[in-house]
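Computed from the coordinates by the stated procedures, all read-outs in this text should not be read as laboratory data. The model shown is predicted, which means the values in this text are computed figures rather than measured ones. Because the Cβ atoms are built from the backbone with ideal geometry, glycine has one as well, and the counts that use them run over all protein chains shown.
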Amino acid sequence: MAQTKSASLILLLMLCIGKTACLSGSMRGWLTTGDQRNLLRQLSTIHASTGGGRGVHINIDRTRRYQTMEGFGAALTSSAAYVIHNSPEYDEIVNELFSPYAGIGISYIRLPMGASDIQAEAPYTYADTAWDFNLDHFSIDKDRHFIIPVIKKALRVNPSLKIMGTPWTAPAWMKTSNRLQGGQLKRDANINDAYAKYFLKFIQEYQREGINITAVTVQNEPLNGNDQYPTMEMSWQQESEFVKHHLGPVFRSNNIKTKILLYDHNWDNTDYANNILDDHDTSQYVSGVAWHCYGGDKNAPLQVHNRHPNVDMYFSECSGGTWASDFSGNLMWNAETLFIAQPRAWTKTVLLWNLALDENHGPHVQTNGGCKTCRGALTVQSRGGYTKEVEFYLIGHLSKFVKPGAVRIDSNTGQNINTVAFQNSDGSVAVLVQNSDSNSKDVTVQVDNDNSRSYIYNMPGHAIATFLL
């Protein structure tokens, strides 16, 4: 008899993990409102009712399946790592950010490869010794000050954490400007070979620390030549040639499984990625395209996906700051434009800029330019204590409930109610719902048009909720 019950439970579990079975008779929800009275607050359980429901109908169709999600999070810049590592609440902050149980379970971070525009120490790369073509002096020692310790601690609470590495610049001696700021990668085969080896050694040295790099982007903001902080311009032609003749072959010959992502810049230029991907000799090495929010149409990833459906899309950067201080306005814009619209445009990640910064939006090295008004997901006070910003709650509404490996599934949107839905590998369904109207609205959540189980909730105005079925 016990064996029969066990066999039945196994069969039931297999059906639940499939596409068509095993939702519970209740729905749980977590709510954040623009007035900050509710901040990722768990709601009372919502029990199913029969009939057609009322208000705005949200139907989730598990048979219409899209991309597999990889994760949600933000960037661990030098400054972010510094404030986390040096906080009296170090362990607590790591748990708040990365623990799937005690915190919001951030599942993906972006890591500058050396210097960026938000820097707690003097800008550096891993190969600052000039004309070292063999990279004999390559070193990640400066990352060991606080970046690597924070990553290791995060991995202890969330071993499945994924990491995207991104260079803001090549070493100065490889560039036309001969400095970390501005300029381009020199058009010299030996330089390009050395720079490809730079990526290889970065991945290998981090592996020796027990840290796997999931993906790298070829260049952060390759159309940004700002000479006040580390940058490097790279035309689509140059990026294509670098991947085709140097980076891709080096990864392949060394059996590197780290994904290569293109572009890593704003929505306002789809030609950059399309032009590269049109060349099969380059695209054979490319896994995806990364996007930023600072210009253009939020549907740009969808446009590139439609032209190159076998190439994955990633959303990799957007920052809040003092220029946008209204909690409700930030909640609404980010929910609609990033956390809902980007997965609906086929991105596999939604990553914001800094995980954490101090009360002065830093710390900043005085000699380094860059954003002095950006906001982290956490504000960590120099003398202890921290504040959860609107970005923390936005990330949490997906990272806590949509697990890596979840598949985006179909859900309708309209009447100022925006949605995106996912099915986790355990069969559970998570749907993020935004009410962008100032007035509350009744919403009815159904799965696969099942009128026998309708979940009705009165959604406050200017609010987001994640429902788990």
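Provide Rg over Rh for the chain; use the alpha carbon set for both Rg and the Kirkwood Rh (inverse mean inverse pair distance).
0.99
Using Cα pairs under 8 angstrom and six or more residues apart, how large is the relative contact order of the chain, in percent?
Computed over the chain, the figure is 25 percent.
Which whole-Hz couplings ³J(HN,Hα) result when phi for each residue of segment 164-176 is put into the Karplus expression 6.51 cos²θ - 1.76 cosθ + 1.60, θ = phi - 60°, listed in order with x for Gly and Pro?
Residue by residue, segment 164-176 yields 10, x, 9, x, 8, 7, 7, x, 4, 5, 8, 10, 5 Hz.
What ranking do 28-41, 303-316 get when scored by the average of other Cβ atoms within 10 Å per residue, highest first?
303-316, 28-41
Show which lysines lie in cross-link reach of K244 when reach means a straight Cα distance below 18 angstrom and same-chain residues fewer than eight apart are skipped.
Straight-line reach from K244, under 18 Å: K186, K197, K257, K259.
Which lysines have a Cα less than 23 Å from the Cα of K388, not counting those fewer than 8 places away in the same chain?
Qualifying lysines at Cα under 23 Å: K152, K153, K162, K372, K400, K403.
Taking only DSSP H segments of four or more residues, each worth -39500 (n - 2.57), what value at 222 nm results for the chain once the sum is divided by all its residues, to the nearest 500 deg cm²/dmol?
My calculation for the chain gives -7000 deg cm²/dmol from helical runs alone.
Non-local amide H neighbours of Y294 (under 5 Å, H modeled in plane, Pro and chain starts lacking H): which ones?
Result for Y294 returns W267.
Can you pull out the trypsin sites (Lys or Arg not before Pro) in segment 340-428 whose DSSP state is coil and whose Cβ has at most 14 other Cβ atoms within 10 Å?
Listed in order of number, the matching sites are K372, R383.
What aspartates and glutamates could a cross-link reach from K348, if we take a straight Cα to Cα line under 16 Å and drop same-chain neighbours fewer than 8 places away?
Answer for K348, where 16 Å is the Cα cut-off: E70, D264, D312, E317, D410, listed by chain and number.
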